[in-house]
């Protein structure tokens with residue numbers, strides 16, 4: 001049965017008055033705001049669309065009508081549609097979720113549905129109360145003295161203990177089960193709670209451990225992590241298994257605590273573990289998060305992408321950390337992030353540096369970073385001999401998965417040009433090898449990153465048009481572009497039309513929506529080209545880098561054209577006997593153009 005059939009069936013069971021009551025009690029802004037940052041402009045609220053990758057807000061909400069619409073991907077609907085998409089729920093499930101939020105009773109609920117809802121609610125309440133109990137024990141119990149000593153020894157403060165609600169699980173194997181039974185929790189619920197050993201349903205999973213409550217992005221405790229303090233356990237860290245509340249691939253530790261800073265700065269730092277995240281936050285670097293017991297996942301990337309467009313990694317400097325860095329960079333690049341890598345000096349991880357040197361030193365050590373691409377190149381060069389042909393090939397293969405993840409062809413070509421410089425090989429040869437390797441992999445059935453249709457086709461338009469399509473898709477960047485790129489530098493008339501349209505919009509002080517912008521394009525073929533660009537990630541992946549490279553190339557082309565013109569005039573002057581003064585002026589102009597060309601080329605190679 002499709003979604004439409006499910007909706008009709010649900011509508012038949014639940015009266016229109018219930019739906020209207022929900023809409024009357026909670027606004028669409030109230031529902032959407034926790035998922036993304038909205039800014040009011042006129043009668044609409046705008047934000048980055050959570051359903052597709054973008055850098056310039058095209059997701060709009062009309063609170064008076066109670067509908068949202070994305071001018072980028074054309075998704076639209078009501079609060080129910082939004083929750084269905086974001087939470088991957090059916091209509092009845094979304095309705096139930098919003099009814100609970102609004103405090104509206106639902107007339108229709110089966111016995112099985114009611115039992116599942118009550119169990120989930122009971123489990124959620126159990127985790128919240130247990131987190132408070134672990135925290136109280138850490139702060140007040142004599143048995144938790146080892147936990148307090150350990151925390152302070154590592155350099156962590158009382159403020160960090162409170163911020164992350166750290167706790168302590170006593171060594172006594174009997175207390176937890178008895179304690180929870182005394183609080184009227186059923187044996188059946190405790191079996192499903194993930195708090196006890198599978199083979200012995202009354203034996204606690206956590207004993208003599210420092211406890212880290214794991215919160216989802218809304219701040220609800222959904223799991224626990226525990227750090228052994230006895231020194232006898234084979235597992236230094238353990239987490240609760242997955243439950244009805246907790247899927248570790250979809251949760252990032254520290255996201256809730258850092259959400260305000262992440263939204264403000266639009267960036268995130270992915271660390272390795274609990275203590276690393278806490279150390280970063282304590283040092284004022286509150287955008288730090290960590291995956292949970294697994295490598296960084298695409299689900300975590302998608303979650304974080306709602307709030308940030310820049311992702312930095314800060315893993316341990318050991319072999320496992322190096323591998324985690326590479327995998328995270330590839331996933332982040334494929335998810336549309338601008339990637340960076342932070343390297344620590346004098347310690348293997350943030351927690352160790354905090355313990356040794358304090359928060360100020362840690363904050364300073366994290367102030368510089370290297371782009372994800374250049375980190376991978378330098379890392380590969382340190383592993384293989386780049387002076388030998390076999391070494392060059394190994395370095396290329398090491399970098400290729402990252403290149404595969406790049407959505408924008410112009411960005412990938414820029415990376416390949418940089419890589420050719422590092423390896424001291426011909427750029428066109430490297431481009432051919434990349435295409436050949438990619439074709440072979442596809443022929444052999446190799447797994448390729450999911451990409452848009454435009455990525456599959458090599459860009460055949462002018463650099464002018466590519467640059468302006470990128471600007472059109474990231475219109476907030478136009479003010480900086482118009483200061484560096486003069487319209488007379490453009491040779492493609494289609495690019496000139498787009499530039500003129502943006503210039504007129506800038507002078508009028510209006511922010512054109514995609515829909516309105518399309519109506520202003522006179523050339524039907526160009527209008528179709530722009531409309532297609534709104535439906536792909538191609539022009540929203542690292543737009544600053546694309547535009548910077550494009551502006552340099554277009555400017556360089558213009559200057560080289562001017563130099564050819566001057567050289568032509570010099571040749572004519574020499575043949576026709578121009579005066580020494582005239583030739584001198586032309587030679588000085590050529591010299592100045594030569595210097596501008598050299599400067600532009602140096603900038604492209606930086």
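The values are calculated or read from the model by the stated rules, or taken from the named source; none is laboratory data. Computed from a predicted model, the values in this text were never measured in an experiment. Positions of Cβ are backbone-derived with ideal geometry, glycine not excepted, and every protein chain shown enters the neighbour counts.
What to note about this one:
- Those residues of the stretch 242-255 which are surrounded by 19 or more Cβ atoms within 10 Å (Cβ to Cβ) and on the phi < 0 side of the Ramachandran plot, in sequence order: 245, 246, 248, 251, 252, 253, 255
- Helices (runs of 4 or more DSSP H) completely within the stretch 1-58 that count 2 or more residues being more than 30 Å from residue 470 (Cβ to Cβ), touching a strand residue (DSSP E or B) at 6+ places or on another chain (Cβ under 8 Å) and modelled with pLDDT of 55 or more: 28-32
- Scanning the stretch 190-213 for residues that are over 16 Å from residue 239 (Cα atoms) and either modelled with pLDDT of 90 or more or surrounded by 15 or more Cβ atoms within 10 Å (Cβ to Cβ) (or both) returns 190, 202.
- Look at (1) modelled with pLDDT of 90 or more; (2) in a loop (DSSP other than H, G, I, E, B) and you find that residue 521 fails only one, number (1).
- For the stretch 149-173, the set of residues classified as surrounded by fewer than 19 Cβ atoms within 10 Å (Cβ to Cβ) and in contact with a strand residue (DSSP E or B) (Cβ under 8 Å, 6 or more places away or on another chain) consists of 150, 165, 173, listed by residue number.
- Any hit, the stretch 258-267, residues being free of Cβ contacts under 8 Å to residues at least 12 places away in the same chain and either closer than 27 Å to residue 240 by Cβ or in contact with a strand residue (DSSP E or B) (Cβ under 7 Å, 6 or more places away or on another chain) (or both): no
- Residue 76 meets the conditions (1) within 30 Å of residue 542 (Cβ to Cβ); (2) at pLDDT 80 or above in every case but one. The failed one is (2).
- The condition (being farther than 24 Å from residue 97 by Cα, in a helix (DSSP H, G or I), touching a residue at least 12 places away in the same chain (Cβ under 8 Å) and in the same structural domain as residue 211 (by TED's automatic domain parsing)) is satisfied by just one residue among 165, 135: 135.
- If you check 311, 344, 354 for being touching a helix residue (DSSP H, G or I) at 6+ places or on another chain (Cβ under 6 Å), outside the structural domain of residue 35 (by TED's automatic domain parsing) and assigned to a loop (DSSP other than H, G, I, E, B), only one passes: 344.
To keep it simple, each residue is scored yes or no on (1) outside any helix (DSSP H, G or I); (2) farther than 30 Å from residue 338 by Cα.
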{"site": "540", "(1), (2)": "yes, no"}
{"site": "550", "(1), (2)": "no, no"}
{"site": "553", "(1), (2)": "no, no"}
{"site": "556", "(1), (2)": "no, no"}
{"site": "561", "(1), (2)": "no, yes"}
{"site": "565", "(1), (2)": "no, yes"}
{"site": "569", "(1), (2)": "no, yes"}
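- Across the stretch 203-219, the number of residues qualifying as in contact with a strand residue (DSSP E or B) (Cβ under 9 Å, 6 or more places away or on another chain) and free of Cβ contacts under 8 Å to residues at least 40 places away in the same chain comes to 5.
- Among the conditions (1) under 22 Å from residue 408 (Cβ atoms); (2) crowded, with 16+ Cβ neighbours inside 10 Å; (3) modelled with pLDDT of 80 or more, the only one that residue 544 does not satisfy is (2).
- Checking each residue of the stretch 268-283 against the condition of being surrounded by fewer than 19 Cβ atoms within 10 Å (Cβ to Cβ) and closer than 22 Å to residue 365 by Cα gives no match.
- All conditions but one from (1) assigned by TED's automatic domain parsing to the domain that holds residue 415; (2) out of contact with any helix residue (DSSP H, G or I) (no Cβ under 8 Å at 6 or more places or on another chain) apply to residue 380; the one that does not is (2).
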